[in-house]
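Taking it in order: structure first as structure tokens, then the write-up.
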Amino acid sequence: MNIYVLMKRTFDTEEKITISGGKINEDGAEFIINPYDEYAIEEAIQVRDEHGGEVTVVSVGTEEAEKQLRTALAMGADKAVLINTEDDVEEGDQFTTSKILAEFLKDKEVDLIIGGNVAIDGGSGQVGPRVAELLAIPYITTITKLDIEGTTATVVRDVEGDSEVIETSLPLLVTAQQGLNEPRYPSLPGIMKAKKKPLDEIELDDLDLDEDDVEAKTKTIEISLPPKKEAGKVLEGELEGQVKELVSLLHNEAKVV
Amino acid sequence: MARKVLVLGEVREGSLRNVSFEAVAAAKTSAEGGEVVGVLFGDSVSALGAEFIQYGADRVVTVEDELLKQYTSDGYSQALLAVIDQEDPEGIIFGHTAQGKDLAPKIAAKLESGLISDVTDLEVEGGNLVFTRPIYSGKAFEKKIVTDGLLFATIRPNNIAPLEKDESRNGDVSSLSVEIKNLRQVIKEVVRKATEGVDLSEAKVIVAGGRGVKSEEGFEPLKELADVLGGAVGASRGACDADYCDYSLQIGQTGKVVTPDLYIACGISGAIQHLAGMSNSKIIVAINKDPEANIFKVADYGIVGDLFEVLPLLTKEFKELLVNA
């Protein structure tokens with residue numbers, strides 16, 4: 001089976017967010033594999049181990065994503081591809097990323113594509129469905145279970161807490177929701193092996209794309225931090241008095257009840 | 001610039017979801033004086049058209065088919081593309097719900113357009129329609145504009161106020177005949193877990209429990225309070241990991257992002273991943289035994305104490321308040 005994983009390198013949101021020069025300050029920040037993409041990598045490895053085939057992890061980004069791609073290889077993926085857009089794309093959006101990925105994937109004879117359902121930095125969750133549409137293959141988002149038999153896939157999709165059991169067919173794109181699996185940590189032998197696994201780097205040129213083909217359809221004009229919250233009020237006194245005061249505050253001051 | 005904007009309404013258990021009325025309000029702002037057309041899909045949805053109009057849609061187009069009774073990306077995109085073909089709109093607003101998140105990117109890709117997801121506010125600023133959306137799990141916000149193609153947006157439930165319902169408003173509800181076929185996804189079964197009680201993503205009040213709840217039974221006092229306030233029960237990852245409740249209740253960076261008017265955190269320490277899912281709530285109340293708990297840093301009001309003592313008192317007090325109100 002020919003399996004592709006769409007991976008994004010993301011800012012670890014445990015980091016404190018600061019803004020400088022109108023942008024999120026990335027100096028000294030920790031970068032990780034987007035947590036939902038870790039589920040995708042794990043699932044791809046498990047499907048390969050059960051059905052045979054090859055797992056290729058692909059990322060659109062800059063040279064710096066090599067580190068996260070190596071981690072994916074150390075987890076057990078077979079190959080990695082970095083589509084380096086550093087020189088070509090200044091301000092991309094989801095249109096940009098999905099067009100590049102679809103162009104890369106269109107002649108790869110894919111059976112299965114797995115991505116995270118959302119990236120924790122941008123948080124839009126668009127790229128998976130967009131890529132599937134551009135490749136004209138079915139997709140199911142936010143899945144918590146995947147079973148493949150022949151060319152039939154049975155998937156459990158999380159729908160705001162409810163579960164739908166959906167039958168569909170390969171080639172297929174799915175996006176991972178928490179609960180799909182428990183991503184493994186790279187083992188030491190895995191890390192050693194990863195150093196020898198292929199990590200190819202390509203650019204838009206190699207995909208016969210130029211900047212205009214992938215020009216963003218939306219633009220960010222301002223980034224800001226949420227208004228600082230004033231320190232809250234911790235109530236004091238007898239518990240019953242505190243409860244009465246709280247109810248009164250919520251009713252009369254905050255007016256939320 | 002006046003533009004025609006479609007709003008895809010969402011039907012659940014035979015009624016329009018609240019987020020659809022909020023989406024009409026967002027469409028009205030986006031239309032800048034142009035027409036707002038409500039769109040409804042299902043096996044029998046025409047009767048809901050009147051209410052859609054009372055909330056601000058100028059008219060409604062429905063596509064009715066047995067195959068649209070349940071959402072599938074193929075079925076709904078066939079129906080929506082047919083409506084787009086008929087109406088030739090300049091914008092489309094969806095709810096940022098399981099359905100909207102799934103469908104909107106497909107349609108945007110098909111029409112080679114951008115899409116601004118998870119919008120919490122929009123306004124016209126200096127001739128531009130400017131959308132505000134949270135990034136980095138709500139730790140920052142960005143303002144975005146559309147530079148090319150159609151104007152697509154999904155709006156986060158509970159953030160954009162719906163217009164006041166006007167029962168005197170009338171409009172045309174027409175149906176469009178579309179052949180829905182070759183669906184590549186077949187829904188075999190739906191397992192309902194979350195729909196008991198109030199929908200977490202649309203709840204105005206959420207009572208959430210963490211490890212401090214200690215057991216499955218420990219959620220009972222939270223449920224009682226939520227019932228009295230017409231709210232929903234949520235949980236931290238800690239409570240889900242400990243098997244006190246189902247993962248469908250989880251609020252946080254993994255799990256749901258919620259923005260209710262009132263969030264009551266019970267026995268939740270306030271790990272940063274949890275805060276990412278609820279810190280944009282309007283009012284946060286923390287109840288925790290540990291006065292040093294991180295949750296107090298984001299809380300508007302806090303009670304240091306045992307939730308099993310505090311909650312029954314709180315429930316009783318609210319009951320009295322609401323009976324007298």
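Values in this text are rule-based calculations from the coordinates and carry no lab data. What you are looking at is a predicted structure, and each value in this text was computed from that prediction instead of being measured. Note that we place each Cβ from the backbone using ideal geometry, even for glycine, and neighbour counts take in every protein chain shown.
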query: Which values, in whole Å and largest first, are the semi-axes of the equivalent ellipsoid of the range B:5-175 obtained as the square root of 5 times each eigenvalue of the Cα gyration tensor?
result: 23, 18, 15
task: Give the calculated FRET efficiency between A:ILE191 and A:ILE221 to the nearest 0.05, with a Förster radius of 41 Å applied to their Cβ-Cβ distance.
output: 0.45
statement: Rounded to a whole number, the mean other protein chain Cβ count within 10 angstrom for residues of B:92-105 is 4
- prompt: To the nearest 500 deg cm²/dmol, what mean residue ellipticity at 222 nm is calculated for chain A from DSSP H runs of n ≥ 4 alone, each contributing -39,500 (n - 2.57), summed and divided by the residues?
  reply: -7500 deg cm²/dmol
message: What does the C-alpha gyration tensor say about the overall shape of the range A:102-160? Classify as rounded when a/c is under 1.5, otherwise prolate if a/b is larger than b/c, or oblate.
response: oblate
message: Taking a virtual spin label 7 Å from the Cα of A:GLU30 along the C-beta vector, which residues in the range A:105-142 bring their backbone nitrogen under 20 Å of it?
response: A:119-123
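Taking 0.36 nm per residue of sequence separation and subtracting the Cα-Cα distance, how much length would be gained by fully extending the chain between B:ARG12 and B:GLU35, in nm to one decimal?
That pair, B:ARG12 and B:GLU35, stretches by 5.7 nm at full extension.
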message: Output the 0 to 90 degree angle, nearest 10, between the alpha-carbon long axis of helix B:98-110 and the longest principal axis computed from the alpha carbons of chain B.
response: 40 degrees
message: Run the simple label-point estimate for A:LYS67 and A:LYS229 please: 7 Å along Cα→C-beta, distance reported in nm.
response: 3.1 nm
task: Counting other beta carbons within 10 Å of each Cβ, put A:MET1, A:MET75, B:MET278 in order, fewest first.
output: A:MET1, A:MET75, B:MET278
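Using 0.36 nm times the number of residues separating A:THR18 and A:LYS255, minus their current alpha carbon distance, what extension gain do you get?
Taking 0.36 nm per residue and subtracting the Cα distance, the gain is 82.1 nm.
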- line: When A:TYR39, B:TYR247 are arranged by how many other beta-carbons sit within 10 Å of their Cβ, fewest first, they go B:TYR247, A:TYR39
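Within a 10 angstrom radius of each residue's Cβ in B:126-139, how many Cβ atoms of other chains show up on average? Whole number is fine.
On the way: counts 0, 0, 2, 0, 2, 2, 2, 4, 2, 12, 13, 6, 4, 11.
The per-residue average across the peptide is 4.
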Along each principal axis, Cα extent of the range B:1-95, largest first, Å: 38, 25, 18
- request: Please report the Cα spread of chain A along all three principal axes, rounded to whole Å, starting with the longest.
  value: 68, 45, 39
message: Output wanted: per-residue J couplings in Hz (rounded whole) for the range B:162-176, from phi through Karplus 6.51 cos²θ - 1.76 cosθ + 1.60, θ = phi - 60°, x for Gly and Pro.
response: x, 6, 5, 5, 10, 6, 8, 6, 10, x, 7, 10, 10, 10, 10
message: I need the peptides A:89-95, B:123-129, B:266-272 ranked by packing, meaning the mean over residues of other C-beta atoms within 10 angstrom, with the highest value on top.
response: B:266-272, A:89-95, B:123-129
message: I need the shape label for the range B:200-324. Rule: rounded when a/c is under 1.5, else prolate if a/b > b/c, else oblate, with a, b, c from the alpha carbon gyration tensor.
response: rounded
- line: Residue by residue through the range A:162-169, the couplings from Karplus 6.51 cos²θ - 1.76 cosθ + 1.60 with θ = phi - 60°, in Hz, x for Gly and Pro, are 7, 10, 10, 9, 10, 9, 8, 10
field: Per-residue mean of C-beta atoms belonging to partner chains within 10 Å, peptide B:272-284
entry: 2
message: I need to check one value: relative contact order of chain B, counting alpha carbon pairs closer than 8 Å and at least 6 residues apart, in percent.
response: 14 percent
message: If you fit an axis through the alpha-carbon atoms of helix B:18-31 and take the longest principal axis of the Cα set of chain B, what angle between them do you get, 0 to 90°, nearest 10?
response: 50 degrees
Helical mean residue ellipticity (222 nm; -39500 (n - 2.57) per DSSP H run of 4+; nearest 500) of chain B: -8000 deg cm²/dmol
- line: Sorted on mean Cβ neighbours within 10 Å (highest first), peptides B:148-157, A:105-114, B:223-232, A:195-204 come out as B:148-157, B:223-232, A:105-114, A:195-204
Cβ crowding within 10 Å averaged over residues, with B:66-72, B:181-187, A:120-126 ranked highest first: A:120-126, B:66-72, B:181-187
field: Positive dipole terminus of the range B:123-185, leading residue within B:PHE131, B:VAL173, B:LEU163 (C-beta point charges)
entry: B:PHE131
field: Relative contact order for the range B:79-157, counting Cα pairs under 8 Å that sit 6 or more residues apart, in percent
entry: 39 percent
Only Lys, Arg (+1) and Asp, Glu (-1) charged, at Cβ; chain A dipole about Cα centre in debye: 760 debye
query: Using 7 Å Cα-to-Cβ label points, what is the A:GLU211/B:GLU217 separation (nm, one decimal)?
result: 6.7 nm
- line: Contact order relative to length for chain A, counting C-alpha pairs under 8 Å separated by 6 or more residues, stands in percent at 23 percent
- prompt: In debye to the nearest 20, how big a dipole does chain B give about its Cα centre with +1 on each Lys and Arg Cβ and -1 on each Asp and Glu Cβ?
  reply: 660 debye
message: Pick from A:GLN242, A:GLN46, A:GLN177 the residue whose mean-square fluctuation is largest in a GNM of chain A, springs joining Cα atoms under 10 Å.
response: A:GLN242
- request: Name the long-range amide H neighbours of A:ILE19: under 5 Å, sequence gap of 5 or more, or other chain; modelled H, no Pro or chain starts.
  value: A:ASN25
- prompt: Using the count of nearby Cβ atoms within 10 Å as a rough guide to exposure, how do A:ARG130, B:ARG17 rank from fewest to most?
  reply: B:ARG17, A:ARG130
task: Along Cα→Cβ, 7 Å out, is where each label goes; now give me the distance between the ones at A:GLU109 and A:ARG184 in nm to one decimal.
output: 2.7 nm
Cross-link pairs A:LYS23/A:LYS195; A:LYS108/B:LYS106; B:LYS193/B:LYS282 - those with Cα-Cα distance over 23 Å: A:LYS23/A:LYS195; B:LYS193/B:LYS282
- line: Across B:ILE264, B:ILE84, B:ILE53, the residue with the highest GNM fluctuation in chain B (Cα network, 10 Å cutoff) is B:ILE84
task: Compute the normalised compactness of the protein assembly as shown: alpha-carbon radius of gyration over 2.2 N^0.38 Å, N being the residue count.
output: 0.97
